[in-house]
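Structure first, then comments.
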Amino acid sequence: MSHEHPYGKALNVLSFSKDNKVLIDEDAMKKMFEHPDVKNRKIVSFSIIGAYRKGKSFFLDYCLRFLYAHYPSINFPNNPTSDKENWMGAENEPLSGFSWRSGSIRDTTGIIMWSDIFLHTSTVNGDKIAIIVMDTQGLFDNQTSPVGNSRIFALGTLSSSIEVLNLFSVVQEDQLQYLQFATEFAKFAANDSHGNAGKSFQKLVFLIRDWVNPDEHPFGFEGGATYLQHFLKIQNEQKPELQSVRKFIQSSFEEIDCALLPHPGNIVTGGSRKRIKYNGSWGGMSEDFKDELFAVIETLLKPDDLIIKKINDKDLEGFEYLEFMLQYFQIFQSDDIPQAQSIYESTVEKQINMLVESCVENYKETIYKNTDLITNVTQIPIFHNMSKNQAMLMYNESKKMGNISHEIKFSRILSEKIDKIFQEWSDRSEKNMKKIEEETERTRLALEEKQKAEIQQIESEKRAAEELNKLNLLNAEAKNENYLKDKEIAEVMLKAEKERVAMIEAAKEKETEFRKQLQAMLEEEKRNPRVVNYNTGPCTIL
């Protein structure tokens, strides 16, 4: 049964053809892991594997509900609900996401990835994390061969940081044997002469459904721990192969856990007489199953318990995880199971090749970023040797899988790649340097000519200024002489004018005095008129 999900869909990234060949959807995987928000984030790969028709996809769909309630994603950057405690949704809400159904017919083939990827920033160390969810084809049916079962087990284990092994009722020995192949990989890593490898895988969780002995081992992780301790105990009476698989499981995984779940109820399994068409909602579950399912998912996916996928103790980022996944898928192209040693060798080569490429990029970045410091051709080899030594030191100090022969082989490859880049860069640099030197010489000569012309111009302007100053001085002196002459004339004229004015003032005073006398005589005549003989000489008053 499948209900369309609003934010993502199940992508069949790996499937098997009718002739049992592996088909890879490389484009879909690149679209996911080369996404700008994913390619440089550290990857948490959460997957489930196990028997068909035992509720793997059903379990993952409830995991999706938890993830969408607690983390943003590339398709839905904001949490759809602020009520994180009630992440299971409404009681009768249909389940959506990975396709599932009750019954006996297989509903998942190959390896399925959820197209939407969840994003998280660790509150512990600030790591930016991308969480992917992966479903796998149901195993142990009447269609899947032992080879096919081994392929799915191996691919699921190699690609996961948290692997849930979904089993029914008990852990069966024949099912456990399929882990032997995947854990054989760890044998080669454990023999790593560098002593770096540690345990090859991160976390394995046995999820045992329909547990029927809660009195002996209670439901949940607590009972699961005691059951697992008992089951994985190595005993003398066990067959060698049973002891071997237990040893390798315990030596291959950094953490092993177990959770026991009760029966989900007849409505979920389709055993109800009422023939109710179940839609996946938790309202149809038994109360015990719902509570235990809630607790298991909360424990596995809470932020503090997220586990990053590692190769040789190196956290994988999105673009690196893509490379390894495609490599593993290619290895399983044949319908023959590859040797665990060949997978190990392939992983070693991929891991060291990626380190080599990082060192090459370091060399290229150094030489291209600092080329401007080189001032002549003779400095190019010195600059190359310093940059190469830095890249080789990065290679030598980085953790690597493999033995000393791998280290020597890839060290030589790195050196050859750097030398090839240097030769190309050196040839270009020498040509460019010569061009620069020629251009510098031309610029120097042009600058000298320009400076000469500027000096000549300055001298010319200086001489012109001096001549102008002399001329201005002569003009000033001439103007000063004329000024003195004009001043002397003006002073003479002013003196003459003053004398003339004085004479006029004196004449005016005489005139004024005369007028006063005349006025007085006229006034007197009016008072005492007299006869005046105008015909005689001087006038005589009679």
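Every read-out reported here was derived from the displayed coordinates using simple, explicitly stated rules and does not represent laboratory data. Quick caveat: nothing in here was measured; it's all calculated off a predicted structure. Reconstructed Cβ throughout: ideal geometry from the backbone, glycine too, with neighbour counts over all protein chains shown.
Results, tabulated for the structure shown:
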item	result
Estimated FRET transfer efficiency (residue 454, residue 396; beta-carbon r; R0 60 Å; 0.05)	0.55
Virtual spin-label span in nm between residue 236 and residue 462, 7 Å along Cα→Cβ	11.2
Residue 164 long-range amide H proximity, modeled H, under 5 Å	47, 48, 49, 205
Given charges at Cβ of Lys, Arg, Asp, Glu: the range 247-313 dipole, positive-most of 282, 266, 308	266
Pairs beyond 18 Å (Cα-Cα), from 310/400; 9/203; 314/388	9/203; 314/388
Relative packing of peptides 212-222, 452-462 - highest average C-beta neighbours within 10 Å first	212-222, 452-462
Built amide H within the under 5 Å cut-off of residue 11, gap 5+	113, 114, 115
For peptides 236-244, 112-120, sequence by mean Cβ density within 10 Å, most packed first	112-120, 236-244
FRET efficiency, 1/(1 + (r/R0)^6) with R0 60 Å, evaluated for residue 428 and residue 199 via beta carbons	0.80
Virtual spin-label span in nm between residue 474 and residue 445, 7 Å along Cα→Cβ	4.5
Förster radius 35 Å - calculated FRET efficiency between residue 524 and residue 499 (Cβ-Cβ, nearest 0.05)	0.40
Spacing of the two label points (7 Å from each Cα toward its C-beta) at residue 385 and residue 365, in nm	2.5
